[in-house]
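Below you'll find the structure, written out as structure tokens, and then a few comments.
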Amino acid sequence: MRILIVEDEPKLASFVKKGLEEESYAVDVAGDGADGLSMVFTNVYDAVILDLMLPKKSGIEVMREIRAKKMNVPVLMLTARDTLDDKVMGLDAGADDYLTKPFAFQELLARLRSLLRRGKGEVAMLKVGDLTLDPATRKVKRGSEEITLTAKEFSLLEYLMRNEGKPLSRTTLSEHVWDINFDRMTNVVDVYINFIRNKVDKGFEKKLIQTVRGVGYTIKG
């Protein structure tokens, strides 16, 4: 899952970025509203964490322009001002939720997971055939057998499972699992697909991860 943080406080942006990356998210950061808006329009994000007070363009302006383009990306707005008017303004502009600074990272993480589930209409536990993945506990099982994955393997498998049955191109997979600096000319997507195949499908009669010729990959139960 790929997240954009639009935050002009470098220490806070770095703290949130590091925390999300440890949770297997791919994270990009913009330091002002104008850059953030440009990145939203240029790249594909699963969610945006947007500060209210930003240079060049405010969070409200960014929010309004995103919604004016009919983009439905979930947005969590951050505000240092705990007033009802600020919260109402953010929600009226199109934000899906808000969080007041200072905040505990675990609360931000919980709200972000809630927005991602709400945006895709998904239950917390992902299941494809006899394969289960719990985003909250980060446990993966095939039948009764627990599977250990690296952070990137987990992120790739989670994205495949969230899009069960859909053919996903290598470009789409790289956009959601790796950050903006990812070199799309490499074969790293194929390498990681092979890694998780060896853990998820090896030794099982039914193979869940399938190659879609000329497109990329999909997962089917």
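Values for this structure:
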item	result
Subset of segment 43-57 [β-branched (Val, Ile, Thr), farther than 17 Å from Ala68 by Cβ and surrounded by 23 or more Cβ atoms within 10 Å (Cβ to Cβ)]	Ile49
So Leu173, is it outside any helix (DSSP H, G or I) and in the same structural domain as Lys199 (by TED's automatic domain parsing)	no
Residues that are touching a strand residue (DSSP E or B) at 6+ places or on another chain (Cβ under 7 Å) and part of a helix (DSSP H, G or I), drawn from segment 81-90	Asp86, Lys87, Gly90
Pairs where the first residue, in segment 94-123, is closer than 22 Å to Glu22 by Cα and polar (S, T, N, Q) and the second is modelled with pLDDT of 90 or more and part of a helix (DSSP H, G or I), C-beta under 7 Å, 6+ apart	none
Leading residue by the ranking (surrounded by the most Cβ atoms within 10 Å (Cβ to Cβ)) among those in segment 1-19 that are of a type in the set (D, E, K, R) and more than 10 Å from the chain's Cα centre (by Cα)	Glu7
Phe103 being assigned to a loop (DSSP other than H, G, I, E, B) and of a type in the set (A, V, I, L, M, F, W, C)	yes
Residue that is modelled with pLDDT of 90 or more, outside the structural domain of Tyr159 (by TED's automatic domain parsing), out of contact with any Asp or Glu (no Cβ under 9 Å at 6 or more places or on another chain) and farther than 20 Å from Tyr25 by Cβ, where the choices are Lys69, Lys87	Lys69
Within segment 72-84, considering residues that are farther than 20 Å from Arg117 by Cα and at pLDDT 80 or above, the one surrounded by the fewest Cβ atoms within 10 Å (Cβ to Cβ)	Ala80
Considering residues of segment 152-174 that are among the acidic types (Asp, Glu) and buried (at least 18 other Cβ atoms within 10 Å of the Cβ) only, the residue farthest from the chain's Cα centre (by Cα)	Glu153
Every residue from segment 120-151 that is surrounded by 15 or more Cβ atoms within 10 Å (Cβ to Cβ) and at pLDDT below 90	Leu126, Pro135
Members of segment 63-80 found to be in contact (Cβ under 8 Å) with a residue 24 or more places away in the chain and assigned to a helix (DSSP H, G or I), listed by number	Met63, Arg64, Glu65, Ile66, Arg67
Scan of segment 98-112 for residues that are buried (at least 16 other Cβ atoms within 10 Å of the Cβ) and over 11 Å from Leu52 (Cα atoms), ordered by number	Leu108, Leu109, Arg111, Leu112
Residues (more than 11 Å from the chain's Cα centre (by Cα) and either closer than 18 Å to Met77 by Cβ or buried (at least 17 other Cβ atoms within 10 Å of the Cβ) (or both)) located in segment 20-42	Val29, Ala30, Gly31, Asp32, Gly33, Ala34, Asp35, Gly36, Leu37, Met39, Val40
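The values are calculated or read from the model by the stated rules, or taken from the named source; none is laboratory data. The structure presented is a predicted model; accordingly, all values stated were derived computationally and were not measured. Neighbour counts are summed over all protein chains in view; Cβ atoms, including those assigned to glycine, are modelled from backbone coordinates with ideal geometry.
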